[in-house]
Amino acid sequence: MVLKFRWETEFKETEIGEIPKEWEVRKIEDVFEIIRGVSFTSSDVFSNYFNNAVALLRANNINIDGSLVLDDLMFVPIDFVREEQLLRKFDLVVVASSGNKDLVGKFTQINDIPYKLTFGAFNFCLRPIAIDKIFAKFVISSKIVKNQLEEVVDGTNINNLKKSDLGKFRIVFPPLPEQSRIATVLSWFDDLIENKKKQNEILEKTAMAIFKNWFIDFEPFKGEEFVFNEELGMEIPKRWEARRLGEVAELNRGLTFKSEEAVFNETVGYIPVLKTNNIKSRFEIDFSDLMFIKSDKVKDSKKILKEKDILIVGSNGNPDLVGNFSVFINFCNDVTFSFGAFVYLLRVQNPNLFSYIYLSLSDVSFREYIMSVIGGTNINNLSLNDLKNFVLPFPPSPVLQKFHSLVEPLFQKIILNQKQIMTLRKIRDTLLPLLVFGKLRVEEI
């Protein structure tokens, strides 16, 4: 397969900037059908599937990076849903209203529909009707749409994107054959990224299955004598003990500073600080929305991140996010990172312990513990002491070493994949504005 590019030299000026002279500017409403989501009350939705139910996408099912979360779906009766509100392949679901301004305008493209799927009233569906269906995703994610979004989305508590405003947004509109070529090039990167993400899901599920077999069901130790442990409230092998998280790992709170000391653009003499909103999933940190602080403010080496440090959300307005964590993987090796006050750092000094502690935090028992300690007066706040006091069943060193040797290759592959994902995203994000705005033309594929 041959790829042929050329740099464009002839442009015309438009209301959204320079574009190739034969390209056009169109409104979103001219090339998409804009569909409003299903209206319902809390009594109309259910957390479990039932006959003639339709799965419902809400704003919280769309991550800030555009990925789709399908493990926390609600369901509505099919009678609530008009035919056009049933999602189709290549539809774009856009967050129209949220208490989090960063989420408004974020979207996901529907690629696989394993069951009937609709979307809630705080979302819009953009259905491509006169635009290449794959190119649509890339043009909607372009900077020109983001700029128009910032101009119209405003609110004190709830930030709203109006259907009339969304429809009037201008987009770049190349000839359809070139839209297809651009989409093909950028989709190669998305496909590679998606494949590596799926590999990581399988690798992590494999590691978790081994963990549960060893440390939840105790299958390899069934022949040993078991004793009841008061702290754990369960029987464990006699040679094991209960250990608190703070006893087996180093835990530190994040950097405290005044808001006026921070800047939001990369500046000489400043270092990036990761905040709670940068923590996305177990091996996913969003490096696109960073805060920067003067490097001389970070005097404590414990506030400087190292590879495989675990960052844990300590405070958030959404209780479901408290206790979420990400493993720090730095693909910018020449950049030093710190972390903010509402984030805790967990550093495993013994490399044989990393996989065991990571999987212990991934187990449902950790989530249950977090929910039990963040109620009361400290609503949605996880104290450092509470985090340190999470109790784990702790086996003898030879068991931990054997488990580590079994699952560590899985984690090494996950981390390698994640670094490649970051590199692929960086290349794609560099190419996207060049291709979508016609600076770099795709002449042949």
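The values are calculated or read from the model by the stated rules, or taken from the named source; none is laboratory data. Computed from a predicted structure; not experimentally measured. Because the Cβ atoms are built from the backbone with ideal geometry, glycine has one as well, and the counts that use them run over all protein chains shown.
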Residue in the range 422-435 that is touching a residue at least 40 places away in the same chain (Cβ under 8 Å), part of a helix (DSSP H, G or I) and over 24 Å from the mean Cα position of the chain (by Cα) present: yes
Yes/no for Ile236 being touching a residue at least 12 places away in the same chain (Cβ under 8 Å), within 26 Å of Glu368 (Cβ to Cβ), buried (at least 17 other Cβ atoms within 10 Å of the Cβ) and out of contact with any Asp or Glu (no Cβ under 6 Å at 6 or more places or on another chain): yes
Residue, surrounded by the fewest Cβ atoms within 10 Å (Cβ to Cβ), within the range 239-262, restricted to residues that are within 21 Å of Lys212 (Cα to Cα) and out of contact with any Leu (no Cβ under 7 Å at 6 or more places or on another chain): Arg239
Entirely in the range 221-277, the strands (runs of 3 or more DSSP E) that have 3 or more residues that are closer than 21 Å to Asn350 by Cβ: 241-244, 250-253
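Quick one: which of Ser315, Ser360, Ser383 is under 18 Å from the mean Cα position of the chain (by Cα), of a type in the set (Ser, Thr, Tyr) and surrounded by 15 or more Cβ atoms within 10 Å (Cβ to Cβ)?
The conditions single out Ser315.
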Residue in the range 348-358 that is farther than 19 Å from Glu247 by Cβ and assigned by TED's automatic domain parsing to the domain that holds Tyr270 present: no
Selected residue (only one of Gln418, Gln412 is assigned to a helix (DSSP H, G or I), free of Cβ contacts under 8 Å to residues at least 40 places away in the same chain, out of contact with any Asp or Glu (no Cβ under 7 Å at 6 or more places or on another chain) and in the same structural domain as Asn252 (by TED's automatic domain parsing)): Gln412
Out of Ser47, Ser67, Ser39, Ser43, sole residue that is hydroxyl-bearing (Ser, Thr, Tyr) and without any contact (Cβ under 8 Å) to a residue 12 or more places away in the chain: Ser43
Every residue from the range 292-303 that is touching a strand residue (DSSP E or B) at 6+ places or on another chain (Cβ under 6 Å) and closer than 24 Å to Glu250 by Cβ: Ile293, Ser295, Val298, Lys302, Lys303
Residues that are touching a residue at least 12 places away in the same chain (Cβ under 8 Å), among the basic types (Lys, Arg) and in a helix (DSSP H, G or I), drawn from the range 156-208: Lys163, Lys168, Arg181, Lys196, Lys197
Matching option when the condition is in contact with a Gly (Cβ under 6 Å, 6 or more places away or on another chain) and surrounded by 13 or more Cβ atoms within 10 Å (Cβ to Cβ), among Ile62, Ile34, Ile78: Ile34
Criterion: of a type in the set (Val, Ile, Thr), crowded, with 17+ Cβ neighbours inside 10 Å and more than 28 Å from Met234 (Cα to Cα) - qualifying residue of Val373, Val322, Val348, Val327: Val327
Hits in the range 309-321 (condition: out of contact with any strand residue (DSSP E or B) (no Cβ under 6 Å at 6 or more places or on another chain) and in a loop (DSSP other than H, G, I, E, B)): Asn316, Gly317, Asn318
Among residues of the range 88-116, those that are surrounded by 21 or more Cβ atoms within 10 Å (Cβ to Cβ) and either among the small types (Gly, Ala, Ser) or not assigned by TED's automatic domain parsing to the domain that holds Ser39 (or both), counted: 3
